[in-house]
Amino acid sequence: MRVIRNRDYRLLLAANFVSFTGDWILGAGLAYQVYVLTGSTLASAAMVLASLLPKVTLGSFAGVLADRWDRRRTMIVCNLLLAVTLLPLLLVDHPGRAPIVYAVAAVQSALAVCFASAEAALVPALVPEKDLITANAMNGQARDVARLTGAALGGVLAATGGIRLITLADAATFAVAAALLTLIRHRVVRAGGSAAAPRLAGQWREGTRITLTDRTLRTLMAFALITGVGEAIMMTLMAPFVRDVLHGGNEAYGTIMAAQAIGGLAGGMVATLIGHRFPPRLLLGAGAVVFGLLDLALFLYPLAAGVVWPAPIIMVLVGLPSALTLAGLTTVFQTATSDSHRGRVFGAITALQAAAMLIGIGLAGALPAHIGIVPVIAVQGAGYLTAGLLVLAVLRPERVSEPRFDGAAEVVVEAGAGDHSVRA
């Protein structure tokens, strides 16, 4: 309730929900429309590639920008730009204009990285450290609800009005999100002003150095690398797994995906209610271990019994450790970084995870023909199990509970509150 009563956090949560819903409207609807328009699976793969490459190449630089600028303002501008840069999709009406889709997907991905870096860095400024786990769990819950709502709306809107309708709907969600963010009162004015700001390249090198020299952050980088490969493999091979291994059809695939969403919602509720009672490092490590074990059970049980019904049950159960892992991961990152470097560290981790996903997509495309689907898709479960054990072995509670400070003073201005405080 303390988090819910926080006005600025409520506005951020509402803006994120609206924006995430639009993302899923576009993601679900556009993937369908591109395939209808071109009839090519290669075109669909090109769209995924266009979305990943900007994260790899620009992710860490986007994080630097999030550290240089006021994060609330950065998020507002990103939402407005996301709305505007969608509009070229209105011109896509035949296969020859499919390259417009790839260009828009790339620009949207680059802006989304900048937004995500600013958002991840802003949350610790809005809520006290003791409430971070709850706040991050609630944010994850908003993402899950937005996924269910947006994916369903995306399919309906795509069938009703095609690319034009889903484009306008997504642009509207970005405009609403920007309007909500303007109501946030929190402001940060860094000492020294923009004229004294160091060069972009220097800040990027500094952020990279901090990420690589800090034990906690190195562990998070390893976690992102290991799990990113598995996530991409699962995303690529889940449909073939249901069809060729479980011998299920479209209905079975839809049931399993719906079960995953339901499990995520239930897990998010539990994480919101009890997550704050446990150290973030334990939520991350133990959550990933349980997640990995359940994933291995999901992908390996068909070796003994090729039936569909256990899969939805396991997918629901996976929701709890998944939510706890996400809340723990975000909180460990936020408490292991100082405010002045938080954006660029997040950007570096995002870039590494996107690179890992590119590797995973390549493995998912090349290996099943030689060794089968099950051994390849099981890499996701093995990866989470390994990454969770790594976190539990390497990180100590005191390593993630002490916030990092860079020694520079910053002035935090709460507009309308009538007071100022100085943090050193």
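Bear in mind that the values in this text are calculations on the coordinates, not laboratory data. Note that this is a predicted model, so its numbers are computed, not measured. All Cβ positions, glycine included, derive from the backbone under ideal geometry; neighbour counts span all protein chains shown.
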Inset, instruction - Would you work out the relative contact order for segment 196-405, in percent, from Cα pairs under 8 angstrom that are 6 or more residues apart? - result: 41
Inset, instruction - Would you mind working out the magnitude of the charge dipole of segment 196-405 relative to its Cα centre, with +1 at each Lys and Arg C-beta and -1 at each Asp and Glu C-beta, to the nearest 20 Debye? - result: 720
Inset, instruction - Could you calculate the FRET efficiency of Glu251 with Arg396 from 1/(1 + (r/R0)^6), where r is the beta carbon distance between them and R0 is 51 Å, rounded to 0.05? - result: 0.60
Inset, instruction - Might you report the magnitude of the Cβ-based charge dipole of the chain about its Cα centre, with Lys and Arg at +1 and Asp and Glu at -1, to the nearest 20 debye? - result: 760
Inset, instruction - Note down the net charge around Leu86, summing +1 for each Lys or Arg and -1 for each Asp or Glu among other residues with Cβ under 13 Å from its Cβ. - result: -1
Legend entry - Segment Ile313-Ile274, extension gain: residue separation times 0.36 nm, minus the distance between their alpha carbons: 11.8 nm
Inset, instruction - Using only Cα atoms, tell me the angle between helix 71-84 and the longest principal axis of the chain; keep it within 0 to 90° and round to the nearest 10. - result: 40
Inset, instruction - Provide the net charge surrounding Thr21, with neighbours chosen by a C-beta distance below 12 Å and charges set as Lys +1, Arg +1, Asp -1, Glu -1. - result: -1
Legend entry - segment 284-362 versus segment 99-145: alpha-carbon centroid distance in Å: 16
Inset, instruction - Report the label-to-label distance for Tyr102 and Ala14 in nanometres (one decimal), using points 7 Å from each Cα along the Cα→Cβ vector. - result: 4.1
Legend entry - Helix-only [θ]222 nm of the chain, DSSP H runs n ≥ 4, -39500 (n - 2.57) each, per residue, nearest 500: -26000 deg cm²/dmol
Legend entry - Net charge, Leu237 excluded, C-beta distance under 13 Å - Lys, Arg +1, Asp, Glu -1: -2
Legend entry - C-alpha long axis of helix 7-38 to longest principal axis of the chain, angle in °: 30
Legend entry - Most positive-pole-ward Cα, Ala366, Thr255, Gln203, against dipole of the chain from beta carbon charges: Gln203
Legend entry - Listed residues Phe299, Gly287, Val345: farthest to the positive end of the dipole of segment 196-405 (Cβ charges): Val345
Legend entry - the chain - percent relative contact order, Cα under 8 Å, separation 6 or more: 27
